[in-house]
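Here's the structure, in structure tokens; my notes come after.
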Amino acid sequence: MPLSYDNYEFESQKVLKVSGVLNEDVDLEPLKEPSIQLIDCEEVKQMFSVGIRKWVMTLKERSPDHPLKFLKCSVVFIEQLNLIEGFVETEAVVSFYAPYFCDKCDKVHEILLKPSEVEDAEAPEKNCPEHGSTMEFDDDEEEYFEFLQE
Ligand SMILES: [Zn+2]
């Protein structure tokens with residue numbers, strides 16, 4: 001599945017939804033469109049190094065007068081953000097998913113967080129969407145929230 005694009009509106013702003021896989025064949029031209037300022041990354045599922053390099057170059061080509069903001073960043077997206085300089089600026093992240101484990105479901109739920117909910121790399125307490133019981137953060141907090149530390 002290559003990367004695909006969809007548009008929708010959020011609080012009367014145009015949002016570009018990016019879905020699929022970031023690989024060497026990726027077409028990132030839509031990210032250069034100055035009228036687009038919000039990118040929804042919920043469905044970004046996989047990223048490969050050549051695609052990531054293209055992504056970083058594309059963001060660099062945008063004018064600083066039209067910075068992009070990123071909504072609903074997926075777990076893969078945050079992992080790359082923690083690894084790669086220039087992938088996305090920390091302050092550009094509006095919201096992102098984080099993995100939590102529920103004992104009762106015996107599965108991981110991805111919960112949408114805002115950067116302001118995370119203090120000192122500590123995962124905020126979240127309840128299972130199915131059981132209401134407290135879940136445990138399912139990754140290394142220091143590593144996962146590293147992009148939020150200065
Ligand atoms: Zn549960």
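Sort out which residues of the stretch 90-129 are of a type in the set (Asp, Glu) and farther than 14 Å from residue 41 by Cβ, and write them in order of number.
Just the residues of the stretch 90-129 that are of a type in the set (Asp, Glu), to begin with: 91, 103, 106, 110, 117, 119-120, 122, 125.
Answer for the stretch 90-129, where residues must be of a type in the set (Asp, Glu) and farther than 14 Å from residue 41 by Cβ: 91, 103, 106, 117, 119, 120, 122, 125.
Filter the stretch 125-141 down to the residues that are outside any strand (DSSP E or B) and surrounded by fewer than 14 Cβ atoms within 10 Å (Cβ to Cβ) and list them by number. Walk me through how you get there before you give the answer.
To start, the set of residues in the stretch 125-141 that are outside any strand (DSSP E or B) comprises 125-126, 128-133, 135, 138-141.
Passing the criteria: 125, 129, 130, 131, 132, 133, 140.
Determine whether residue 76 is assigned to a helix (DSSP H, G or I), free of Cβ contacts under 8 Å to residues at least 40 places away in the same chain and within 23 Å of residue 18 (Cβ to Cβ).
Values: assigned to a helix (DSSP H, G or I): yes; free of Cβ contacts under 8 Å to residues at least 40 places away in the same chain: yes; within 23 Å of residue 18 (Cβ to Cβ): yes.
Spelling it out, residue 76 is indeed assigned to a helix (DSSP H, G or I), free of Cβ contacts under 8 Å to residues at least 40 places away in the same chain and within 23 Å of residue 18 (Cβ to Cβ).
Mind checking which residues of the stretch 86-104 are away from the ligand (no atom under 16 Å from the Cβ) and either in a loop (DSSP other than H, G, I, E, B) or out of contact with any Leu (no Cβ under 8 Å at 6 or more places or on another chain) (or both)?
Result: 86, 87, 88, 89, 91, 94, 95.
Which members of the stretch 93-107 meet the condition of being surrounded by 16 or more Cβ atoms within 10 Å (Cβ to Cβ) and either out of contact with any strand residue (DSSP E or B) (no Cβ under 9 Å at 6 or more places or on another chain) or not polar (S, T, N, Q) (or both)? Lay out the reasoning, then the answer.
Residues of the stretch 93-107 that are surrounded by 16 or more Cβ atoms within 10 Å (Cβ to Cβ), as a first pass: 93-100, 102.
If the condition is that a residue be surrounded by 16 or more Cβ atoms within 10 Å (Cβ to Cβ) and either out of contact with any strand residue (DSSP E or B) (no Cβ under 9 Å at 6 or more places or on another chain) or not polar (S, T, N, Q) (or both), then 93, 94, 96, 97, 98, 99, 100, 102 are the ones that fit.
Would you check which residues across the stretch 105-135 are among the aliphatic types (A, V, I, L, M), out of contact with any Pro (no Cβ under 8 Å at 6 or more places or on another chain) and more than 16 Å from the ligand (Cβ to nearest atom) and list them?
112, 121, 123
May I ask you to list the residues in the stretch 105-124 that are of a type outside the set (A, V, I, L, M), under 16 Å from the mean Cα position of the chain (by Cα) and assigned to a loop (DSSP other than H, G, I, E, B)?
Here is the first cut: in the stretch 105-124, the residues of a type outside the set (A, V, I, L, M) are 105-107, 109-110, 114-117, 119-120, 122, 124.
After this cut, where a residue has to be under 16 Å from the mean Cα position of the chain (by Cα) as well, the list is 109-110, 114-117.
Once the filter is applied, which keeps residues that are of a type outside the set (A, V, I, L, M), under 16 Å from the mean Cα position of the chain (by Cα) and assigned to a loop (DSSP other than H, G, I, E, B), the stretch 105-124 yields only 114.
Every number in this text was worked out from the coordinates using simple rules, so none of it is lab data. All of these numbers come straight from a predicted model, not from anything done at the bench. Glycine gets a Cβ as well: all are built from the backbone with ideal geometry, and neighbour counts include every protein chain shown.
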